[in-house]
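The values are calculated or read from the model by the stated rules, or taken from the named source; none is laboratory data. As the structure is a computational prediction, the values presented were derived from the model and not from experiment. Glycine gets a Cβ as well: all are built from the backbone with ideal geometry, and neighbour counts include every protein chain shown.
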Amino acid sequence: MSEAGGLTLAWVERNGRHALAIRLGPPPHASATGSDMLPSRLGASDQLGVVPASILGRATTPDGLQAIAGRFTLENDAWLFEPEIPFLPATEYALITRTETGALVPLATIATPAAPAIRRTEVLAIYPSALAVPINFLRIYVHFSAPMREAQAAQAISVQRLDTGELLRDTFLPGTLELWNPSRTRLTLLLDPGRIKRGLLPHVQMGYPLIEQVPVLVRVLATFQDAAGAELLAGAERRYEVDAALRRHIDIGGWRVVAPPASTHAPLIVLFDRALDSAMLAHTLTVSDEYGSIVPGTATVTDGERAWSFVPRLTWMQGQHTLHVDPRLEDISGNSLVRVFDRDLTRPEDAPVRRPRTTLAFACA
């Protein structure tokens, strides 16, 4: 509702739409600007008009501004304005009148209510999807079906230990900055690296964020709002068993490659020796033919991020092919082909690898 100089504007519903109710009462104080221009007892609606408030000031003559098309009707002590085209939500409108000289005088403004938020967004996945994780695993990814609002993760996402029901505190990297992909459909939750790396003060004082052999539940509440301000269709959760720490390089020599037959669209299948980072798998594995040309196709990650399959756009050519692995690929504990994330300086085998193996050959027969 809006009041100015005894003039009251309010929204009412007519035929499932917003209509503007205009009432004139005794002004509580001195007349507001333009209130003396009101038709006597609002009895002459042809002097009134409704326009979007944003265009006021751009036109000051009758020919320079077009009022919204609609119909005024008199109901008891109020004029009711119903537009031909519905009012826009969350938009400010102005009631105007015209003087005898044709000048436009704004009388009062009022904003339409915001459109009700419709719940349609859902959690598509939570990664890792494996049933068990190492105590030193590093990242959780939450995928949404639509862009989300920021600065909500701390209130809407929790980690609960399932032996006691207690919520684990200070699990994630401290700070207010949230890690979103450009479309704000994937949230990265980084478990506090200071508590994962041995020897650092947070690890010495508090230990790991998780507890070995104590299962946990990661829960995303339905109160998490999308970019339109609507809550999720439903909450989501994923349970993890917690195993021993994983601290060793990725060695692709331990992977198993199942080659597809030539002249088919059968998938190339690669089986890993551990769960790898789901987000990195999307862009760190490529396939080339025997001439060195990249083979286009579609990749899928399955089996708790321990398997990768690739279906070519065209059928496989007969002959040798190569799987290329970006050395930056990490497992779920942050270990890559080059380095161990939580390195033990007393173990020579944990030293950085200068030239790791990055290709695997396979033949399509």
**Message:** Within region 181-247, considering only strands (runs of 3 or more DSSP E) that don't extend past its boundaries, which have at least 3 residues that are within 28 Å of the chain's Cα centre (by Cα), of a type in the set (A, V, I, L, M, F, W, C) and modelled with pLDDT of 95 or more?
**Reply:** 186-190, 216-220
**Asked** Which of the residues belonging to region 311-352 are within 31 Å of the chain's Cα centre (by Cα), in a strand (DSSP E or B) and more than 25 Å from D192 (Cβ to Cβ)?
**Response** V311, P312, V325
**Message:** Quick test for you: out of R219, R195, R238, R184, pick the one residue that is surrounded by 16 or more Cβ atoms within 10 Å (Cβ to Cβ), under 25 Å from S309 (Cβ atoms) and not assigned by TED's automatic domain parsing to the domain that holds F341.
**Reply:** R238
**Request:** Can you tell me which residue within region 80-97, out of those that are of a type in the set (S, T, Y) and under 13 Å from L48 (Cβ atoms), is modelled with the lowest pLDDT?
**Result:** T97
**Message:** Condition first: part of a loop (DSSP other than H, G, I, E, B) and closer than 17 Å to T359 by Cβ. Now tell me which residues in region 284-310 satisfy that.
**Reply:** T284, D289, E290, Y291, G292, S293, V295
**Asked** Pairs under 7 Å by beta carbon, first residue of a type in the set (A, V, I, L, M, F, W, C) in region 278-289, partner part of a loop (DSSP other than H, G, I, E, B), six or more apart or different chains?
**Response** M280/L329; L281/E305; V287/V295
**Request:** Might you let me know whether region 115-124 holds any residue that is at pLDDT 95 or above, buried (at least 16 other Cβ atoms within 10 Å of the Cβ) and either in contact with an Asp or Glu (Cβ under 7 Å, 6 or more places away or on another chain) or over 24 Å from D303 (Cβ atoms) (or both)?
**Result:** yes
**Complete:** Per the filter on region 312-365, residues in contact with a Gly (Cβ under 8 Å, 6 or more places away or on another chain) and exposed (fewer than 15 other Cβ atoms within 10 Å of the Cβ) are R313, R357, A363
**Request:** Search region 308-330 for residues that are over 13 Å from V258 (Cα atoms) and pair each with any residue that is aliphatic (A, V, I, L, M) and assigned to a loop (DSSP other than H, G, I, E, B) when their beta-carbon atoms are under 6 Å apart and the residues are at least 6 apart or on different chains.
**Result:** P312/V295; W316/A262; Q318/A262; P327/L337; P327/V338
